[in-house]
Structure formats: structure tokens, C-alpha cells
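Enquirer: There's a structure below that I have some questions on.
Where a number appears in this text, it was derived from the coordinates with a stated rule and is not lab data. These numbers come from a predicted model, not from an experiment. So basically every Cβ, Gly included, is an ideal-geometry build from the backbone, and we count neighbours across all protein chains shown.
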């Protein structure tokens with residue numbers, strides 16, 4: 001399960017506004033039975049303007065999405081949906097959002 005893999009959201013209550021989850025956990029911790037993920041919201045479902053550096057926007061699967069970094073969570077591997085791609089090309093903005101969340105820098 002490589003870092004920055006995108007998974008389908010299996011939760012029927014949230015998947016209409018959060019279709020994907022982004023795995024931000026280091027590959028060094030792949031033995032764990034959990035992953036730290038960032039919910040990927042459909043841009044059109046958000047009511048407020050995003051803080052671009054903290055909540056970067058990406059296009060994935062033809063959809064404009066916002067990475068809601070402040071809502072990151074741990075989730076059991078068994079609860080992840082199917083892997084659908086990878087956002088490794090967005091590494092700098094993802095790491096920048098995590099840095100801002102944890103260190104304020």
C-alpha cells in the first residue's frame with residue numbers, strides 16, 4: 001500500500017461528498033493494520049472557500065477535489081475501499097499541508 005494511494009470511500013453515508021480517501025502514511029509502516037488517510041471532498045459540496053495550502057485542490061478521476069487535511073484519521077485496512085490510483089505527483093502540496101497542520105510552518 002504505497003503512500004499517496006487513493007481509495008474509494010466505502011462508507012455509504014459519506015461517499016456522495018467524500019468519494020475518495022488518500023493514504024498519507026509512510027511506506028515504512030506498511031506492516032500496521034491501519035492507515036492514516038485524508039478525506040477527499042468534492043469541491044462542489046464545500047460551502048466555504050478552502051485554505052489552499054492546508055486543503056490543496058487536486059483533480060482525480062475527472063473530479064475537482066479538496067484534500068481536507070485537518071480531518072485526517074486512522075482507518076483499518078479492511079475498511080478501505082478499492083485502490084483507484086495514486087497522487088504521488090502531488091507529493092509537495094500534500095506534505096506541505098501536513099507540515100502546516102502539525103508544525104504551523
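Enquirer: Which residues does the label zone of residue 45 cover in segment 1-36, counting backbone N under 17 Å from a point 7 Å along Cα→Cβ?
Expert: Of the residues in segment 1-36, 6-23 have backbone N under 17 Å from the label point off residue 45.
Enquirer: Next question. State the extension gain, in nm to one decimal, for the chain segment bounded by residue 30 and residue 86, taking 0.36 nm per residue of separation less the distance between their alpha-carbons.
Expert: Taking 0.36 nm per residue and subtracting the Cα distance, the gain is 18.6 nm.
Enquirer: Let me ask something else about it. Of the listed values (i) 12.8, 38; (ii) 14.3, 47; (iii) 15.3, 44, grab the one calculated as Rg and Dmax of the Cα atoms in Å from the structure here.
Expert: Correct label is (i).
Enquirer: Gap in Å between the Cα centre of segment 1-32 and the Cα centre of segment 47-105?
Expert: With segment 47-105 and segment 1-32 each reduced to a Cα centre, they are spaced 10 Å.
Enquirer: Pairs of alpha-carbon atoms within less than 8 angstrom and 6+ residues apart define the contacts here; what relative contact order does segment 19-105 have, in percent?
Expert: For segment 19-105, the relative contact order is 29 percent.
Enquirer: Helix-only estimate, please: 222 nm mean residue ellipticity of the chain, summing -39500 (n - 2.57) across DSSP H runs of length 4 or more and dividing by its residues, to the nearest 500.
Expert: -4000 deg cm²/dmol
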